[in-house]
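Every number here is computed from the coordinates shown, using simple stated rules; none is lab data. This is a predicted model, so every value here is computed, not measured. Glycine also receives a Cβ, built like all others from the backbone with ideal geometry; neighbour counts cover every protein chain displayed.
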């Protein structure tokens, strides 16, 4: 409205200027044409002309000032509108993923990072025997393999909302080897209480063992070891805490639905919780992620820790394991709840599980060494008719070492693991190379060859098959952006 009034005033003054000018020129013309001999003389007419011209100049100046003021107000209005409605609140950058980050986190406290992880693998397996017989007397075929797969693909969303301490994480998994080709693998909301405590709620890992807790992107070989695959817990919904007891002692504690409940619905769960705890000490500073010393620590870095997991399992005999779950198996690979696994004609329906692990690792100038020992007790085992069945004790370990031939780029490694128990034993020995394409973890090519004897473990992503003996060859590319 103000700009419209200014324009109307300018139009009015312009019209007035024309009228005044025309009237003045007309009056002078008429006086000359009619030759009026009234008391107006030529001198009087000449005296009026400068005054009229001065008035015209004043009017022109007023019109120019009004026009300038009107244009200035229009510009100020446009700038004010742009700053209030079109000023960007976020900018895009790369920070371990494609990141949308606020200019001012106090004014707009929201950040989102999107990452893409993919593990593309060739797997070849040459079996020593075509079949195996488990403790329940079941004959199982052992297949050869020669195939390409996406073992793990991850679309990861993370960031914070409302407050930088209130964070979120969602990991959507896709795979060509899992029973569920697309599923939510991990997802949680967390709140950082202080520098020593953060609380998480959602779907997460039971932190019972070290190699399992570390991401599969940072294993020393193509995947986790056979012993870890056999003993480790899995993923469950629950509440957990991560933090530090002191500057060099860290912890991870969880209470969740169960030992292996990733793909189970609420109707398939029992009423028993699982409790899992892992703590570790880094006495010589930050040990870093994973097992390889790609950081090339100039001072010896060390890590020592242990973990404990307990659950009472009232499982169903026909429960099926999810793609990322470790099915409870005996040391020859037989499922514990397989009919006849412990006694002919008897199926296990309930048991207590205790898992204790202890680990250590070192890194120094491109050299690395790590090991973990596992102790597992299956106690208070009951059959479907309520009969008491004998307890089972299984134990095992892995040991592995790596050395960079070319610093931060090419690493050779060797590793082995074993599992022992009442029903038998299994072992593996492996050697291979890691090539870090850009001198960092974001792109790694791995090639390894593994000799397997009577595997007690089975898991689709790692490539282990229960009861299998033979040579396993894996070549893969891990990329994550």
What list do you get for 220, 389, 378, 53 if you sort them by fewest beta carbons within 10 Å? 53, 389, 378, 220
Linear extension gain, residue 387 paired with residue 375, 0.36 nm per residue minus alpha-carbon span: 1.8 nm
The exposure ranking of 132, 267, fewest beta-carbon neighbours within 10 Å first, is 267, 132
Distance in nm between residue 196 and residue 108 label points, each 7 Å along Cα→Cβ, equals 3.8
Taking 7 Å along the Cα-to-C-beta vector as the label spot, tell me the residue 414-residue 53 distance in nanometres, rounded to one decimal. 11.0
For a footprinting-style exposure proxy, rank 209, 99 by other Cβ within 10 Å, fewest first. 99, 209
Per 0.36 nm of contour for each residue apart, how much would the distance between residue 244 and residue 139 grow if the chain were fully extended, relative to their Cα-Cα spacing? 32.9 nm
Along the Cα→Cβ direction, 7 angstrom out, place labels at residue 268 and residue 422. What is the inter-label distance in nm? 2.7
Taking 0.36 nm per residue of sequence separation and subtracting the Cα-Cα distance, how much length would be gained by fully extending the chain between residue 131 and residue 358, in nm to one decimal? 78.3 nm
